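The values are calculated or read from the model by the stated rules, or taken from the named source; none is laboratory data. Computed from a predicted model, the values in this text were never measured in an experiment. With ideal geometry, Cβ positions are generated from the backbone for all residues, glycine too; neighbour counts draw on all protein chains shown.
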Amino acid sequence: MTSFNLQNIVRQHILSLAPYSSARDEYTGKEGIFLDANENPIGSATPENWNRYPDPYQWAIKEKLAPLKGCRPSQIFLGNGSDEPIDLIIRLTCEPIEDNIIILPPTYGMYEVSASVNNVEIQKINLTSDYQIDTYKVLEAINPKTKLIFICSPNNPTGNVIDRKAILTIIENFQQGIVIVDEAYNDFADEPSFIPELDKFSNVMVLQTFSKAWGLASLRLGMAFAGEELIKLLNKIKYPYNINGLTQKALLENISNVDFVKTSVKTLNQNRESLISELKTLPITEKIYPSDANFLLVRFTEAKRIFDYLIEQKLIVRDRSKVVLCDNSLRISVGTEEENLHLINLLKQYKPLNS
């Protein structure tokens, strides 16, 4: 088995690329008269002053975040949602037209979109009927031009945790590229994160987000965790000030509020189980797939018609019926007790086509 070498995976012109040097790269101090960045010295057109550029590397956040995640600040990349590091890792490693990535449908759609935008070939190895990895087929699909494998666990849109042994098998046998483990919904699952494995496996990048359990979707802040060398390269090619000052300030002031996260996870997981119990009683429910996330994938008798009916009632879910292996299925986010009760009442009132 070949050993992992990041220098062989990164596109060669990026290794020699001279990154953009911002004003805050050249002077990182907080004190002084700043006449270096062409900012407005008078202030802002808002009650608060946002006239100065923010820290381009968000070090204050990373210093506080690292102990929460069990890693070093230098192993953290912060992006505009998880979508930014997804796009960056493809641009960092994949030559357009030449290289390819592997994704495991049904899965998060942005892996395919980002690859397509960058003109990178996509190999699709479907999950099994119980939404687990077909390890043999994945390993068989790897060719000399395969650079990345994306694994979402808990998986979106199915909600289930992917078997850890299968993920480890792929990591151990794919030393020519990087395995991205997307843990956006990990807070809701009992499965441990892969972040503690980063020092053992240098070919792994872990994605997490503040959008779900933290309730900060509007701030657009995603996290990527990897070895220091890979993080430095992501920082090399990102936009200079990719995380705005308002987002950094809001997170810094509230990052210690882990009690909210724990309470949210506990409440939503309880609501999920109650919702499952109610859905099981409905004749229109055919199957509720196991979930380790804050949503359910549910197969109904007439999914598209039920979806349209709920939309008419101003209750919005996601129709996943056209997604591979998700026939006649709707994805339902777990709501508050009141929201879930309203959903169930609407579904009880639904009249099937042949009733």
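Could you tell me whether any residue of segment 204-226 is in the same structural domain as LEU78 (by TED's automatic domain parsing), surrounded by 14 or more Cβ atoms within 10 Å (Cβ to Cβ) and either assigned to a helix (DSSP H, G or I) or more than 18 Å from the chain's Cα centre (by Cα) (or both)? Checked against the condition, which is being in the same structural domain as LEU78 (by TED's automatic domain parsing), surrounded by 14 or more Cβ atoms within 10 Å (Cβ to Cβ) and either assigned to a helix (DSSP H, G or I) or more than 18 Å from the chain's Cα centre (by Cα) (or both), segment 204-226 yields at least one hit.
Report those helices (runs of 4 or more DSSP H) wholly inside segment 56-164 carrying at least 1 residues which are assigned by TED's automatic domain parsing to the domain that holds SER193, touching a helix residue (DSSP H, G or I) at 6+ places or on another chain (Cβ under 6 Å) and under 24 Å from HIS13 (Cβ atoms). Because the criterion is at least 1 residues that are assigned by TED's automatic domain parsing to the domain that holds SER193, touching a helix residue (DSSP H, G or I) at 6+ places or on another chain (Cβ under 6 Å) and under 24 Å from HIS13 (Cβ atoms), the helices (runs of 4 or more DSSP H) in segment 56-164 that meet it are 83-93, 110-117. Scanning segment 231-244 for residues that are more than 18 Å from the chain's Cα centre (by Cα) and of a type in the set (A, V, I, L, M, F, W, C) returns LEU233, ILE237. Please count how many residues of segment 5-26 are surrounded by 12 or more Cβ atoms within 10 Å (Cβ to Cβ), modelled with pLDDT under 90 and assigned to a helix (DSSP H, G or I). Here the count works out to 3.
May I ask you to say which residue of SER82, SER44 is hydroxyl-bearing (Ser, Thr, Tyr) and surrounded by fewer than 18 Cβ atoms within 10 Å (Cβ to Cβ)? Break it down into steps so the answer makes sense when it comes.
Values: SER82 fails: surrounded by fewer than 18 Cβ atoms within 10 Å (Cβ to Cβ).
Step by step, each of SER82, SER44 is checked, and only SER44 is hydroxyl-bearing (Ser, Thr, Tyr) and surrounded by fewer than 18 Cβ atoms within 10 Å (Cβ to Cβ).
Within segment 293-320, the set of residues being surrounded by 16 or more Cβ atoms within 10 Å (Cβ to Cβ) and touching an Asp or Glu at 6+ places or on another chain (Cβ under 7 Å) comprises ARG299, PHE300, THR301, ALA303, PHE307.
Screening LEU268 with (1) within 21 Å of the chain's Cα centre (by Cα); (2) among the aliphatic types (A, V, I, L, M); (3) part of a strand (DSSP E or B) gives one miss only, at (3).
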